[in-house]
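Here the structure is laid out as C-alpha cells; the discussion comes afterwards.
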C-alpha cells in the first residue's frame, strides 16, 4: 500500500514538473502575449495541481496536507482571476489578439 | 524525486525571468512576474518536504495571497495610467 502511494506520488510529481517546465518554455518562446498567457496558465493549473497533489500523497493525513490543500485552493481561485484581469487590461489598452497563423514578430521589432 | 521537481521549478523561474526581461509590452512582464510568484509558491512547498521543514508551507500560503494582491494592484495602477493618458490625448485633440 505504501509502495503504491509512493509510486502514485512520484508519477504526479514528475508529471507536474514536466508541465511546469513545458509551461515555462512556452511562456519564454511563444510569439505574442495571449499565446504566452495560455502557456503560463498551464503551469498554474496542471503544474501546480499535480505537484501539490503529489506532495499531499507523500504527507499523508497530517496538518501539512490541509495547508497544501489551502494553497491549492488559493492558487486555483487567484490565478484565473489574475489571468482574466491581465487579459482584459491588455485588450482595453488596445493590444488586439491576432487571428490566423502567427509569425515571430519579436525578432524583427 | 523532490530534486527533479525543484530543478524543473527553478528552470521555469529562470525562463519567467527571461520573459520579464525580454517582454516587449508591460503585460508580458506582468505575466512573467505573476508566473514567477506562482512558481515561488510551488518551490517553497517542494523545498519544505525536500529539507523536511513543514514550516515553509506557511510561507508558501502567505506568498500565494500576497502575490495575487500585488499583481492585481499593479494591473489597476497600469489601467488607471492608460485611462489617464487616453483622456489627456483626447483633451489635447479637442484643444488643437
Could you work out how far helix B:26-50 tilts from the main Cα principal axis of chain B, as a 0 to 90 degree angle to the nearest 10?
-> 10 degrees
Among A:16, A:94, A:47, which one moves the most in a GNM of chain A with springs linking Cα atoms closer than 10 Å?
-> A:94
Set the Förster distance to 30 Å, then compute FRET efficiency between residue A:81 and residue B:58 from the Cβ-Cβ distance, nearest 0.05.
-> 0.85
Calculate the mean, over all residues of peptide A:14-22, of how many other protein chain Cβ atoms lie within 10 angstrom of the residue's Cβ.
-> 5
Hey, what's the per residue convex hull volume over the C-alpha atoms of chain A, in cubic angstrom?
-> 104 Å³
Enter the mean number of other protein chain beta carbons within 10 Å of the beta carbon of each residue in B:2-13, as an integer.
-> 6
GNM on chain A, C-alpha springs below 10 Å: top fluctuator among A:71, A:55, A:91?
-> A:91
Quick one: divide the alpha-carbon radius of gyration of the stretch B:2-95 by 2.2 N^0.38 Å and tell me what you get.
-> 1.48
Considering Cα pairs under 8 angstrom that are at least six residues apart, work out the relative contact order of chain B and quote it in whole percent.
-> 23 percent
Quick one: Cα centre-to-centre distance for the stretch B:1-50 and the stretch A:1-68, in angstrom?
-> 12 Å
Shielding of A:74-83 by other chains, given as the mean Cβ count within 10 Å, works out to 5
Compute the distance in nm between two label points, each set 7 Å from the Cα along the Cα-to-Cβ direction, one at residue B:50 and one at residue A:70.
-> 2.4 nm
Please state, rounded to one decimal and in Å, the Kirkwood hydrodynamic radius that the protein assembly as shown gives when every pair of distinct Cα atoms enters the mean of 1/r.
-> 18.0 Å
In degrees, nearest 10, range 0 to 90: what is the angle between the Cα axis of helix B:2-22 and the longest Cα principal axis of chain B?
-> 20 degrees
Let me have the 222 nm mean residue ellipticity of chain A computed from DSSP H runs of 4+ only, each contributing -39500 (n - 2.57), with the sum over all residues rounded to the nearest 500.
-> -25500 deg cm²/dmol
How far is helix A:48-59 tilted off the main Cα axis of chain A, in degrees rounded to 10, range 0 to 90?
-> 10 degrees
Pop a pseudo-label 7 angstrom from the Cα along the beta-carbon direction at both residue A:6 and residue B:92 and give the gap in nm to one decimal.
-> 6.8 nm
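Computed from the coordinates by the stated procedures, all read-outs in this text should not be read as laboratory data. Small disclaimer: the values here were computed from a predicted structure and weren't measured. A quick note on method: Cβ atoms are made from the backbone with ideal geometry, for glycine too, and the neighbour counts reach across all protein chains shown.
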